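This report refers to the structure that appears directly beneath it.
The values are calculated or read from the model by the stated rules, or taken from the named source; none is laboratory data. Note that this is a predicted model, so its numbers are computed, not measured. Cβ atoms come from the backbone with ideal geometry, glycine included; neighbour counts cover every protein chain shown. Side chains are part of the model used for accessible areas, which takes the heavy atoms of the whole protein and leaves out ligands, DNA and RNA. Shrake-Rupley method; radii C 1.70, N 1.55, O 1.52, S 1.80 Å.
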Amino acid sequence: MQPKCIYKIRTVSTMAPKRKYPVGIQSFESIRQDGYIYVDKTPLIYKMITEGKPYFLSRPRRFGKSLLCDTLAKVFEGRRELFDEMTLKNGTVQPQLFIAETDWEWERYPVLRFDFSAGDLTTIQQLDTLIDFTLSRYEEQYGITPAERSDFNVRMINLIHAAERQVGRKVVVLVDEYDNFILHSLDDADKQTQARQRFQNLFGPLKSEDEHLQFVFITGISKFSQMGIFSRLNQLKNISMVQAYQAICGITEEELTSVLHPDIEMMAQQNGQDYDGMLDVLKQNYDGYHFGEGDTDIYNPFSLFNALDSGRVASYWFESGTTRALIDMLAKMPRLDITDVDDTPCMAEDFDRPFDSYEYPLPVLYQSGYLTIKEYRRSRDQYVLGFPNQEVRKGFAYCLYSYVTDSLSGSRSRSVFQNAYLDFCDDGDLGAFISALQTFFAGVPYMLNDKNEHHFHAMLYTLFVSFGADVVAEDLTSQGRADLTLKLPRGIYIIELKYGKSADEALRQIDERGYARKYAMDGRPVVKVGLAFSKEERNITEWQAATEQSDNTNNKQ
């Protein structure tokens, strides 16, 4: 016992002080001066500002677009002291960033920033007020009197000229989350039209005034071509899917294992794991994003920093406002299930469909961050989309579940079914769990309960995924595909569904096609489960289970 105590004391004494993580902080100055970790994105910023002028970047929410805009602002404002090495009052040393070592001249340019990321913009009047406030603030700064103000178009032109004249340098324009208002009003055609008119009027001069502009950068979730706003601003270079800029937002594996290496070690100690085990958990939950044809894996920065800060793996990105938005989105789309959206091909031209067209939902789900690019098939110019990681897969399944159960009477709670699943994980009582499944299917409304085997397969898979289960749909073997394979510490459950047929037929198919042989060397017991769904009752009416080793069969009617 004594050596164990000594080891614990040494572990605590050698643990480095916990660092500060920029959770929800979008101010570059605050991050640097208040001692927060900053993963250096200035190599890509330097590339961008020295190789081009007008850019557009699309990324999902909470991926660092606002921080990127603020960092660009500080670069063009000539704030070199923020990028040099600095020692803070508490002794923390902020390292010198890449751009401070380059030939960037650090001159001060006039910077005009338009931030539409506020989530409480719901009316055209509020949008007009925000635009007017932003323009008025800069007009006052650059000596334009209220009497000279007219519509947004003319005001923008006058402002660009006044700023250039006063500072003696061309103007920088940064627009953050340009599409936020539009995405929150997709169900109001009149509001959509008015908003587009405002933005066309406000940003139309960015093309005609090109000779007066040093740099233009616009961010959003949807491609600008989809919103019909920037048709006159067709000179923007869209870097959203350009391989060289894939890592401009988010955290790469290399950045994680170098810059954040001590933080992973600390989290590993907090969770009783080794470094490699903790890294694997973070990878499964937050990695997997690809923004283009390359193979650079991107971690979700919001979830990653929240996990490092709290020392706990959880669904931070998905729980930060996405659930209701996704359910609303699903309500506008054609009926789909989770097997329709994972590992599904998508043509390149589909990414240019209007964002408010939900007839083909995959590009919408990609740009919203629910799907990512898993593979690019160059010969076909085709992308394969799928869930990036466990956090999103589980959250999406939960939303599909909620979308169905929202139509129920409200008396049934997801926690009831999840508790039944957890009890099954603990005690192995398959019969009790199947009874809970029967209760669930009995409550699904007739119009949402399709009469086919695929529907029940997809619904059952969705439930398992929403519970966080390790489950495989269409588990490929040498003789075919098992409908579902559920992997638990206590055993592996191979599940075959039959619609309008018997459970015995389902079990016989597992045996005849040798689905269980795939897991013969796993070491865990393999349980074969046959489920029979009735056409008339649209529910499980019979099931059979047999353990592969003993082949003892248990029948339930």
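Over the stretch 168-226, the hull volume per residue, using the convex hull of the C-alpha atoms, is 84 Å³.
In degrees between 0 and 90, to the nearest 10, how far off the longest principal axis of the chain does helix 301-310 point, with axes built from Cα atoms? Approximately 70 degrees, to the nearest ten.
Here is how the number arises for the chain: DSSP H runs of 4 or more residues each give -39500 (n - 2.57), the sum is divided by the residue count, and the result at 222 nm is -12000 deg cm²/dmol.
Among 155-164, 340-349, the peptide with the highest mean count of other Cβ atoms within 10 Å heads the list, and the full ranking is 155-164, 340-349. Extension gain, D187-E537: 0.36 nm per intervening residue step, less the Cα-Cα distance, totals 122.3 nm.
Ranking F464, Q270, I373 by how far each Cα lies toward the positive end of the dipole of the chain (charges on Cβ) leaves Q270 at the top.
Under a 5 Å amide H cut-off, with hydrogens placed 1.01 Å from N, M241 pairs with nothing among residues at least 5 apart or on other chains. Rolling a 1.4 angstrom probe over the stretch 151-259 with all protein chains present gives an accessible area of which 45% lies on carbon and sulfur atoms. Extension gain, Q273 to D84: 0.36 nm times the residue separation minus the Cα-Cα distance gives 64.4 nm. Give me the angle, in degrees from 0 to 90, between the Cα long axis of helix 42-51 and the longest principal axis of the Cα atoms of the chain, rounded to the nearest 10. Taking the Cα atoms of the chain, the angle to 42-51 is about 50 degrees. Angle between the Cα long axis of helix 503-512 and the longest principal axis of the chain, 0 to 90 degrees, nearest 10? Between the helix axis and the principal axis of the chain, the angle is about 80 degrees. Counting only Cβ charges, +1 for Lys and Arg and -1 for Asp and Glu, the dipole size of the chain around its Cα centre is about 440 debye. Between S150 and C425, the simple label model (points 7 Å from Cα in the Cβ direction) yields a spacing of 6.6 nm.
Using 0.36 nm per residue and subtracting the Cα-Cα separation, the extra length available between R19 and R524 on full extension is 177.7 nm. Taking label positions 7 Å along the Cα-Cβ direction at both K47 and R196, the computed distance is 3.4 nm, reported to one decimal.
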